[in-house]
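Structure, as structure tokens:
The values are calculated or read from the model by the stated rules, or taken from the named source; none is laboratory data. Fair warning: this is a prediction, and the values are worked out from it, not measured in the lab. Cβ: placed from backbone, ideal geometry, glycine included. Neighbour counts: every protein chain shown.
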Amino acid sequence: MTLSTLTHIECAACGALYDPNQLLNLCPACQKPLLARYDLAKAAQTMTPAALATRSPGLWRYEEVLPVQRRDAMINLGEGGTPLLPAGRLGEVIGCPNTLIKDESLNPTGSFKARGLCLAVSRAYELGAAEVAIPSAGNAAGAMSAYAAAVGLPAHVYMPRDVPLPFQAECKTLGANVTLVDGLITDCGARVREGVQQYGWFDVSTLKEPYRIEGKKTMGYELAEQLGWTLPDVIIYPTGGGTGLIGMWKAFAEMEAMGLIGPARPRMVTVQSSGCAPMVKAFHEGKTHAEMWQGAKTIADGLRVPAAVGDFLILQALRQSGGTAVAVPDEEMMTCASLMGAHTGIFPAPEGAACLAAQIRLLEEGWIQPQEQVVLFNTGTALKYAHLWA
Ligand SMILES: *Cc1c(COP(=O)(O)O)cnc(C)c1O
């Protein structure tokens, strides 16, 4: 048995409570995202800074606040434990010396999707799912395929036909059944729902099951631990479905309840592409939900999410933190990729480069002060996006 203190599952919208020991997707009552809840007082007894200092790196070190109960169901491909790199040389150039980059490209399958799918697949495996499925235009499919392969769960991936070759090749090589669909990601989602109904596949789409967010929240725990149990002034996060942003916000609340950090929070910044910016629009219009973005188009596959199931949670976190939301054009992502690359040694995915573009914009506007500590997330490796430089 692990030290997991999971107690129940709670709907983020209607507050309904569920037994955690069953496979769940959206809230059966209101079709909104479900969140995992823990006995944090109990978790705090063993997950102390001193105990953590003796544990292996990687996300399973936070097992008290993760949902997996059986040790044999903790799939481990070396996820988490990514470096938080001081980017002083880049910081000097842009006028914000205390800039750090959390380099998530070092995760298995080259993106932070590994964190979320590690937990979703581990827990689905533990609860007896027979087969897993996902509609995805990029990194999520590769990550699901990898974790399913590790335990021999059949995996079904539905991708739009125009998805770049590396993403397709990765899933196929990892043994997934890949179906290329003539259509958009929404059409892929419909095909997955058919499989769910006909064959009982388990759908691991983001925020449509409670555990991907648990994997991604470990970025928040790691960040605090790497900064000596403090948090930065500002976090800039490339937001698609928002799982990581919502996850880190949840992690901060849990850490405060466990006495690991105080009440201070970073100002959370969502960055999206000007070609698909539903959260930016909703934030600046003062809305609590986002409208579906029409004609979504961006080179940053992870940000091509026209409608996010967790939109209300993203907007809540941005507002509660005193944060903001910024849209940047794709061309700026490419110039910022070069700027970041040449001054840090990191070859960032366009999503990671978008964080730098947003930081420069917010420095110019005076929203970020030059002496503030700012953390950017490079969420993936650029190697799967080589076509952008062709
Ligand atoms: C999925 C993805 C994102 C967006 O992540 P969310 O947590 O779903 O908002 C950003 N960058 C990359 C590289 C991704 O694959």
Problem set entry | Selected residue (criterion: nearest to GLN359 (Cα to Cα)) from residues of the stretch 267-284 that are surrounded by 22 or more Cβ atoms within 10 Å (Cβ to Cβ) and among the hydroxyl-bearing types (Ser, Thr, Tyr) | THR270
Exercise. Is the stretch 92-108 home to any residue that is in a loop (DSSP other than H, G, I, E, B) and in contact with a Leu (Cβ under 8 Å, 6 or more places away or on another chain)?
Worked result: yes
Problem set entry | Set GLU222, GLU214: member being in contact (Cβ under 8 Å) with a residue 40 or more places away in the chain and within 15 Å of ALA120 (Cβ to Cβ) | GLU214
For this session: Search the stretch 200-220 for residues being farther than 20 Å from PRO108 by Cβ and among the aromatic types (Phe, Trp, Tyr), and hand back the single one that is farthest from the ligand (Cβ to nearest atom).
Result: TRP201
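For the stretch 190-247, how many residues meet the condition of being in a helix (DSSP H, G or I), more than 10 Å from the chain's Cα centre (by Cα) and under 22 Å from LYS102 (Cα atoms)?
Residues meeting the conditions: 7.
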Problem set entry | Every residue from the stretch 285-316 that is touching a strand residue (DSSP E or B) at 6+ places or on another chain (Cβ under 8 Å) and buried (at least 23 other Cβ atoms within 10 Å of the Cβ) | THR298, ALA300, GLY302, LEU303, VAL305, ILE314
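Here's the yes/no breakdown for (1) more than 16 Å from the ligand (Cβ to nearest atom); (2) under 22 Å from ASP301 (Cβ atoms); (3) of a type in the set (A, V, I, L, M, F, W, C):
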{"site": "LEU35", "(1), (2), (3)": "no, no, yes"}
{"site": "THR48", "(1), (2), (3)": "yes, no, no"}
{"site": "ALA51", "(1), (2), (3)": "yes, no, yes"}
{"site": "ALA73", "(1), (2), (3)": "yes, no, yes"}
{"site": "ASN76", "(1), (2), (3)": "yes, no, no"}
{"site": "PRO83", "(1), (2), (3)": "yes, no, no"}
{"site": "LEU90", "(1), (2), (3)": "yes, no, yes"}
{"site": "VAL93", "(1), (2), (3)": "yes, no, yes"}
{"site": "THR99", "(1), (2), (3)": "yes, no, no"}
Problem set entry | Residue selected from the stretch 203-222 under the condition modelled with pLDDT of 95 or more, aliphatic (A, V, I, L, M) and under 20 Å from GLN316 (Cβ atoms), by the criterion surrounded by the fewest Cβ atoms within 10 Å (Cβ to Cβ) | MET219
Problem set entry | Any pair with Cβ under 9 angstrom, 6 or more apart, that starts in the stretch 277-297 at a residue that is free of Cβ contacts under 8 Å to residues at least 24 places away in the same chain and of a type in the set (S, T, N, Q) and ends at one that is surrounded by 13 or more Cβ atoms within 10 Å (Cβ to Cβ) and assigned to a loop (DSSP other than H, G, I, E, B) | GLN294/PRO306
For this session: Looking at (1) without any contact (Cβ under 8 Å) to a residue 24 or more places away in the chain; (2) surrounded by 17 or more Cβ atoms within 10 Å (Cβ to Cβ), find the lone condition where THR48 falls short.
Result: (2)
Exercise. Wholly within the stretch 290-390, which helices (runs of 4 or more DSSP H) include no fewer than the required count, namely at least 3 residues that are closer than 21 Å to MET219 by Cα and within 14 Å of the ligand (Cβ to nearest atom)?
Worked result: 311-320, 350-364
Exercise. Which residues, taken from the stretch 221-253, are of a type in the set (D, E, K, R), more than 16 Å from the ligand (Cβ to nearest atom) and within 16 Å of LEU52 (Cα to Cα)?
Worked result: GLU225
